[in-house]
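The values are calculated or read from the model by the stated rules, or taken from the named source; none is laboratory data. These numbers come from a predicted model, not from an experiment. Cβ: placed from backbone, ideal geometry, glycine included. Neighbour counts: every protein chain shown.
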Amino acid sequence: MKKFMALILTAMLGVSFVGTAAFASASKGKRIYQKKLKKVCGFNGGKFAAKHTQDEWEEIYEDGKFEDEIIKICPKVKKGYLKKSWLKHIYDFSYKYASDSGNVPSC
């Protein structure tokens, strides 16, 4: 019985790590940027994300001004163009590749 419980707990722990990685959405944010914003912004995702540091992106997102900041950076983007479901993914992308992150996207 102890071996069975240990096996179950180990499996649950393993699934929790896999599940956490599945919710990471910086890669989805990169795809959204490439498909929906790259052309209208006129520059690649690396330049976009490097407009702010991670702390600045976090503050902008938490203050609810993320869509407004995208519009400020990319004036051709109009209010309502971005779906609300995209914003979290684009934020994750921006945060991961911010100017102080040391990461460089391939888009």
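I need every pair where a residue in the stretch 70-84 that is under 13 Å from Cys41 (Cβ atoms) has its Cβ under 6 Å from the Cβ of a residue that is not in a helix (DSSP H, G or I), sequence separation at least 6 or different chains.
Filtered contacts from the stretch 70-84: Ile70/Val77; Ile71/Val77; Ile73/Lys51.
Residues are listed down the side, and each one gets a yes or a no for (1) surrounded by 18 or more Cβ atoms within 10 Å (Cβ to Cβ); (2) modelled with pLDDT of 95 or more; (3) assigned to a helix (DSSP H, G or I):
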residue: Glu59; (1), (2), (3): no, yes, yes
residue: Glu67; (1), (2), (3): yes, yes, yes
residue: Gly80; (1), (2), (3): no, no, no
residue: Ser85; (1), (2), (3): no, no, yes
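Of the residues that make up the stretch 15-26, is at least one modelled with pLDDT under 95 and in contact with a Phe, Trp or Tyr (Cβ under 9 Å, 6 or more places away or on another chain)?
Checked the stretch 15-26: at least one residue is modelled with pLDDT under 95 and in contact with a Phe, Trp or Tyr (Cβ under 9 Å, 6 or more places away or on another chain).
Of the conditions (1) in a helix (DSSP H, G or I); (2) surrounded by fewer than 12 Cβ atoms within 10 Å (Cβ to Cβ), Pro75 fails just one. Which one is it?
The one condition Pro75 does not meet is (1).
Quick one: how many residues across the stretch 43-57 are surrounded by fewer than 19 Cβ atoms within 10 Å (Cβ to Cβ) and assigned to a helix (DSSP H, G or I)?
5
Quickly run through the stretch 87-107 and pick out the residues that are farther than 16 Å from Lys30 by Cβ and exposed (fewer than 13 other Cβ atoms within 10 Å of the Cβ).
Correct list: Asp100, Gly102.
If you take the residues in the stretch 24-42 that are in contact with a helix residue (DSSP H, G or I) (Cβ under 9 Å, 6 or more places away or on another chain) and not in a helix (DSSP H, G or I), which one is surrounded by the fewest Cβ atoms within 10 Å (Cβ to Cβ)?
This residue is Ala24.
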